[in-house]
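A quick write-up on the structure given underneath.
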Amino acid sequence: MVSGTLAYLVAGLGCLVGVAGVVVVLVALRRSRRQPSAPTAADPFRDHDADALRGDPRRLRPGDLVEIRQVTYAVRGSLHLTEGGWSWDEHLLDTADGTKRWLSVEEDPDLELVLWTAEPDATVTPGPPTVDFDGRRYRSDESGQARWTATGTTGLGPTGSVRYHDYTASGGARLSFEKYGDADWEVARGELLRRPEVMIYPQGGPEKVG
């Protein structure tokens, strides 16, 4: 009889310990949920007002509309490019009359927007320290090789690599050479855009990869 009573007391004590453990866990969970999450570091120089008023170029994607210098373009497709720890985006723009441009969006570290126009008849090639084109002298800026991921219509496959060599001139003028796979070098002339020259109208197109 004594042993039975002792067993009963031990079992009861075990139940109380178990209940207390559950209570402790629940209290701990409640406390952890009440604790604020760690703050996310933000760029103190980012122009959030411009993003709110004119749209965020970093979130541009196929299907969106972009107004640049009073010309409205539709985003046909986008390339997300990566090289080492760097990444940037290039968007194929098209107008109602078929005028095509590319818009590059890069943070290095400040936001940089460049509007590109293809120069299919150009005979210059990359490599030398300076290149003369259309009455202007461009100086070599950077070169390398990047990987791309495509969404929408770009004229390229879903993934691949591109070699590039970029040149700059006074006034923010750019000259870019790109070589996709085994294709020939493509030449494009670029114009550095001011943030107020670009207005974005999101249209809820497909999500951008990357």
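The values are calculated or read from the model by the stated rules, or taken from the named source; none is laboratory data. Since the structure is predicted, the reported quantities are computational estimates derived from the model, not experimental observations. Ideal geometry is used to build each Cβ from the backbone, glycine not excepted, and the neighbour counts take in all protein chains shown. Ligands, DNA and RNA are excluded from the accessible area calculation, which covers all protein heavy atoms including side chains. Shrake-Rupley method; radii C 1.70, N 1.55, O 1.52, S 1.80 Å.
Any residue in segment 82-103 that is farther than 17 Å from Tyr164 by Cβ and touching a residue at least 40 places away in the same chain (Cβ under 8 Å)?
No, segment 82-103 has no match at all.
Residues that are touching a Pro at 6+ places or on another chain (Cβ under 7 Å) and hydrophobic (A, V, I, L, M, F, W, C), at least 1 per element: which strands (runs of 3 or more DSSP E) completely within segment 72-118 meet that? Spell out how you get there, then give the answer.
Numbers: elements: 86-94, 100-107, 111-118.
Hits in segment 72-118: 100-107, 111-118.
Across segment 62-85, what is the number of residues that are under 14 Å from Glu107 (Cβ atoms) and modelled with pLDDT under 95?
1
Sort through Ala173, Ala150, Ala169, Ala183 and tell me the only one that's small (Gly, Ala, Ser), within 14 Å of Glu90 (Cβ to Cβ) and under 26 Å from the mean Cα position of the chain (by Cα). First the steps, then the outcome.
Numbers: Ala173 fails: within 14 Å of Glu90 (Cβ to Cβ); Ala169 fails: within 14 Å of Glu90 (Cβ to Cβ); Ala183 fails: within 14 Å of Glu90 (Cβ to Cβ).
One residue alone meets the criteria, Ala150.
Suppose the filter is under 15 Å from Asp166 (Cα atoms) and surrounded by 18 or more Cβ atoms within 10 Å (Cβ to Cβ); does Leu115 pass it?
On the way: under 15 Å from Asp166 (Cα atoms): yes; surrounded by 18 or more Cβ atoms within 10 Å (Cβ to Cβ): yes.
The answer is yes for Leu115.
Out of Glu119, Glu178, Glu191, which single residue is in contact with a Phe, Trp or Tyr (Cβ under 9 Å, 6 or more places away or on another chain) and free of Cβ contacts under 8 Å to residues at least 24 places away in the same chain?
Working: Glu119 fails: free of Cβ contacts under 8 Å to residues at least 24 places away in the same chain; Glu191 fails: free of Cβ contacts under 8 Å to residues at least 24 places away in the same chain.
Going through Glu119, Glu178, Glu191 in turn, just one is in contact with a Phe, Trp or Tyr (Cβ under 9 Å, 6 or more places away or on another chain) and free of Cβ contacts under 8 Å to residues at least 24 places away in the same chain: Glu178.
What are the residues in segment 58-93 that are open to solvent by 20 Å² or more (accessible area, probe 1.4 Å) and either among the charged types (D, E, K, R) or not assigned by the TED database to the domain that holds Gly157 (or both), if any?
Result: Arg58, Arg59, Arg61, Glu67, Arg69, Arg76, Glu83, Glu90.
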